[in-house]
Ligand code: GRF
């Protein structure tokens with residue numbers, strides 16, 4: 001049965017586009033049933049037909065909880081099997097997470113648990129890390145702290161800037177996202193007591209996927 005995926009995004013939506021392209025190519029048996037944003041001008045919204053778009057301005061709400069409640073009701077109305085945060089830049093409150101517990105995934109540009117939060121590429125360069133990368137994890141109320149499902153490393157190259165590294169990590173995010181969305185859509189993925197379960201087995205260590213870099217590297 002085709003999985004129903006709802007996507008939360010705040011920016012350009014290149015991760016969303018990766019999902020849409022995989023669906024169109026027949027690689028992912030799913031349908032995107034809604035795109036939700038805290039930024040009405042987010043280009044991510046333009047990547048789907050108007051009826052699938054939802055956006056509100058958080059500061060027009062009396063509280064973070066009120067915004068999240070409206071968002072949760074609208075997301076619930078799409079009857080999603082999975083809710084995927086793809087470049088969604090707001091923290092989801094506990095009420096939202098609990099309402100969709102075990103069905104909310106996030107793509108994060110670091111090898112978690114390293115570099116939760118923002119500016120991950122600059123932090124990796126600052127630390128002179130040899131490798132950086134992306135992680136796909138279950139969302140829990142604590143920021144970027146849910147069970148990690150899969151990760152993909154990206155070598156740091158001499159002369160990398162945060163921008164050049166981010167571009168290569170983003171390419172890997174797209175591929176990691178589609179890989180995990182496929183596991184989810186096929187019903188192979190679950191969360192139990194804070195542990196990611198794949199095919200009934202706990203993933204005490206995340207899957208590590210090595211995606212051959214595109215060459216020459218994205219400048
Ligand atoms: C990217 O920086 C990505 O690392 C993070 O969200 C940002 C925007 O991604 N996940 P997108 O192009 O809007 O999907």
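Some points to look at:
Conditions tested, residue by residue: (1) within 16 Å of the chain's Cα centre (by Cα); (2) within 16 Å of the ligand (Cβ to nearest atom).
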| site | (1), (2) |
| --- | --- |
| 171 | yes, yes |
| 178 | yes, yes |
| 188 | no, no |
| 192 | no, no |
| 196 | yes, no |
| 205 | no, no |
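- Flag if residue 41 is more than 16 Å from the ligand (Cβ to nearest atom), without any contact (Cβ under 8 Å) to a residue 12 or more places away in the chain and outside any helix (DSSP H, G or I): no
- With respect to the stated conditions, residue 144 fails to be away from the ligand (no atom under 15 Å from the Cβ) and either crowded, with 16+ Cβ neighbours inside 10 Å or assigned to a loop (DSSP other than H, G, I, E, B) (or both).
- Hey, residue 69 away from the ligand (no atom under 16 Å from the Cβ) and over 27 Å from residue 191 (Cβ atoms) or not: no
- Failed item in (1) farther than 24 Å from residue 31 by Cβ; (2) free of Cβ contacts under 8 Å to residues at least 60 places away in the same chain; (3) surrounded by 16 or more Cβ atoms within 10 Å (Cβ to Cβ); (4) within 12 Å of the ligand (Cβ to nearest atom), with residue 135 passing the rest: (2)
- Residue match in region 27-34 (condition: out of contact with any helix residue (DSSP H, G or I) (no Cβ under 8 Å at 6 or more places or on another chain), more than 15 Å from the ligand (Cβ to nearest atom), more than 17 Å from residue 73 (Cβ to Cβ) and part of a loop (DSSP other than H, G, I, E, B)): no
- Scanning region 49-70 for residues that are touching a strand residue (DSSP E or B) at 6+ places or on another chain (Cβ under 6 Å) and either part of a loop (DSSP other than H, G, I, E, B) or buried (at least 18 other Cβ atoms within 10 Å of the Cβ) (or both) turns up 54, 55.
- Every residue from region 91-109 that is in contact (Cβ under 8 Å) with a residue 40 or more places away in the chain and within 12 Å of the ligand (Cβ to nearest atom): 105, 106, 107, 109
- Extreme residue, nearest to the ligand (Cβ to nearest atom), among residues of region 1-19 that are more than 17 Å from residue 136 (Cα to Cα) and crowded, with 18+ Cβ neighbours inside 10 Å: 10
- Looking across region 98-121, the residues that are in a helix (DSSP H, G or I) and either surrounded by fewer than 22 Cβ atoms within 10 Å (Cβ to Cβ) or at pLDDT below 95 (or both) come down to 98, 99.
The values are calculated or read from the model by the stated rules, or taken from the named source; none is laboratory data. Values in this document were obtained by computation on a predicted structure and should not be read as measured data. When we count neighbours, we look across all protein chains shown, and the Cβ atoms used for this are built from the backbone with ideal geometry, even at glycine.
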